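Derivation of every value follows stated rules applied to the coordinates shown; laboratory data play no part. Since the structure is predicted, the reported quantities are computational estimates derived from the model, not experimental observations. Heads up, the Cβs are rebuilt from the backbone with ideal geometry, glycines too, and the neighbour counts pull from every protein chain shown.
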Amino acid sequence: MRRNWLASAAVAAVAISVPVTAHIGPTATSAGPTSAGTAQTVTADTAQVVTLSSQQQTVTAVTVSTVKTRQLKRRTTATPRTWNQLAATMAKRLVGDPYVYGGTSPAGFDCSGLTQYVYEHTGGGKRINRTAEAQFLQFRAISHSAARPGDLVFFHDTSNPDSYVYHVGVYEGGDDMVAAATPGEGVQLQSFTWGGNTVTFGTISH
């Protein structure tokens, strides 16, 4: 009787264990697959991290490329320098050159030789007369407020704007000009205010 009971209990246990094992088995007996699943999950997460990292690098590369493109566009689409601005820059490059009476080259300039050289060597070049008086007569008279760097500054014998012109320089803006001053000073960036009310301005470029 006891044996029969034990046998029944064993059968019942087997009967019970089968579905339990069948239910639990994939988890309990598939430690390998579960670990593999975990590994797969980790691998997938790692792939996501790698993907995100690659995306970040791509975004960074695109951003850098965009910035460089914008900078290049700014360089290529920047407002071109005017002829006057180029002339003013050319005159400044000659500061320090010596003064030579009748001189028309960097080896030595007089005042009108300097202005003539600047105009003939800027851009495509503009041919102007040789002396200060002749340049004044060639240029269109303008006010100080209308003058642009690169225009000319004329010095007259008197406050009469039609009086004789004895000196000339290249206007640099404000109260400044570049001029071949004296044998002792050479070409200088200096104020023209010493001329007082004898100063006028002229242009042939605008």
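Look at GLU185, GLU172 and count the other Cβ atoms within 10 Å of each Cβ; fewest to most, that gives GLU185, GLU172.
Counting Lys and Arg as +1 and Asp and Glu as -1, each charge on the Cβ, what is the dipole of the stretch 83-203 about the Cα centre in debye, to the nearest 20?
380 debye
When each of the peptides 143-150, 112-119 is scored by how many other beta carbons lie within 10 Å of its residues on average, the order from highest to lowest is 112-119, 143-150. Is the stretch 84-135 rounded, prolate or oblate when judged by the Cα gyration tensor, a ≥ b ≥ c being the square roots of its eigenvalues, rounded requiring a/c under 1.5 and prolate requiring a/b larger than b/c? Verdict is oblate for the stretch 84-135.
Before anything else, pin down the relative contact order of the stretch 147-206: Cα pairs under 8 Å, at least 6 apart, normalised by residue count, whole percent. Contact order relative to length: 39 percent.
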